[in-house]
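J.: Take a look at the following structure, please.
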Amino acid sequence: KEYDEGLKKSRNSFGARFNRFLANFRSVDEEFFDDLEELLIESDVGYETAMRLSDELREEVKLENVKKRSDVSDVIVRKLVDMYDEEGKEEDNTLKFSKDKTPTVFLFVGVNGAGKTTTIGKLAHRYQQEGKKVLLAAGDTFRAGAIEQLQVWGKRVNVPVQASKAQTDPASVVFDAVHRAVNEDFDILLVDTAGRLQNKEGLMRELEKIKRVITRELPDAPQEVLLVLDGSTGQNALSQAKQFNETTDVSGIVLTKIDGSSQGGIVLAIRNELHIPVKLVGLGEQMDDLRDFDPEKFIYGLFK
Ligand code: GDP
């Protein structure tokens, strides 16, 4: 599956709205900007981003003396891409790896159901295919089901899983996993965690403890703390991102389920309001349904 196919549903909702908007186009006047703001807000780019875009477009439309419908559409799409790139100037959309022979560690955070386990399984498959030695750590010891699910993925993609019984201290599972990764020369360790946002203090303490355990053994790790968000939940995903970002330093976002009814605009909202780069996107439930995030392809894909 490529972006094109994965984005079909988002495009149907976002693209269809956008096309209706353009069909109603008469001239670039105040009503046009009002309608545009409404369209953008409904598309999950968030209020702030919608206003900023609308303001910048006013300028641009004036400067370039845009009048035709097709030109209006070009200017809007280009502006969205520019906006993403500009925000991301100092950031990097790609995943970071260990610079020496020591294992790379990625820590996955996010609420239950967002797609953490699935994403870990897909990434494990990717690195396994590249010939890397991959280890998974079942750090979500809160639910027995979470441990089993990770083990199912481990079997499916043929990658070992470091696990312990449910209710064990997650930091102790991670401790064992880090030692095993170092001693047995693993290239990559992917760590699952429990995402209980109801208890923010507790979650923060738990994540800090897990990080300490990793850093004590591997000073440059974790190379990534990846927040997994369900892209189909719209503004709810944005508010989760805000809360997690207050809890721990998130280095990147994995946006899942954009093959569903996601409005897609959430990518811009996250960028504009949180300044955290989206690094991966989930396009389905299968092991190959994960892509590196490419802002240009993504945004053009929404409008096509
Ligand atoms: P976790 O609780 O965060 O570990 O979430 P899971 O990995 O168990 O995922 C929850 C559900 O979402 C499962 O049914 C997954 O198959 C599904 N899922 C995860 N990622 C995607 C995706 O990119 N697209 C679709 N359509 N479903 C996904």
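J.: Would you be able to tell me the number of residues in the range 267-304 that are within 14 Å of the ligand (Cβ to nearest atom), among the β-branched types (V, I, T) and touching a helix residue (DSSP H, G or I) at 6+ places or on another chain (Cβ under 6 Å)?
T.: Counting residues in the range 267-304 that are within 14 Å of the ligand (Cβ to nearest atom), among the β-branched types (V, I, T) and touching a helix residue (DSSP H, G or I) at 6+ places or on another chain (Cβ under 6 Å) gives 1.
J.: Moving on. Residues of the range 43-64 being in contact (Cβ under 8 Å) with a residue 40 or more places away in the chain and hydroxyl-bearing (S, T, Y), which ones?
T.: S43, T49 - these are the residues of the range 43-64 that are in contact (Cβ under 8 Å) with a residue 40 or more places away in the chain and hydroxyl-bearing (S, T, Y).
J.: With the checklist (1) at positive phi; (2) modelled with pLDDT of 85 or more; (3) in contact with a helix residue (DSSP H, G or I) (Cβ under 8 Å, 6 or more places away or on another chain) in hand, flag the one item G46 doesn't pass.
T.: (2)
J.: For the range 55-167, list the helices (runs of 4 or more DSSP H) that sit wholly inside it and hold at least 2 residues that are surrounded by fewer than 17 Cβ atoms within 10 Å (Cβ to Cβ), at pLDDT below 95 and within 14 Å of the ligand (Cβ to nearest atom); which are they?
T.: On the way: elements: 69-87, 116-129, 144-157.
The qualifying helices (runs of 4 or more DSSP H) are 144-157.
J.: Does K211 satisfy the criteria of being open to solvent by 50 Å² or more (accessible area, probe 1.4 Å) and either of a type outside the set (G, A, S) or closer than 30 Å to I41 by Cβ (or both)? Before you say what the answer is, go through the steps one by one.
T.: On the way: open to solvent by 50 Å² or more (accessible area, probe 1.4 Å): no; either of a type outside the set (G, A, S) or closer than 30 Å to I41 by Cβ (or both): yes.
So K211 does not fit the description; no.
J.: Output the residues belonging to the range 236-267 that are closer than 21 Å to V77 by Cα and open to solvent by 10 Å² or more (accessible area, probe 1.4 Å).
T.: The answer is D259, S261, Q263.
The values are calculated or read from the model by the stated rules, or taken from the named source; none is laboratory data. Just so you know, these numbers come straight off a predicted model, no measurement behind them. Cβ atoms come from the backbone with ideal geometry, glycine included; neighbour counts cover every protein chain shown. Quick note on the areas: whole protein, heavy atoms, side chains included, nothing else; ligands and nucleic acids left out. Shrake-Rupley method; radii C 1.70, N 1.55, O 1.52, S 1.80 Å.
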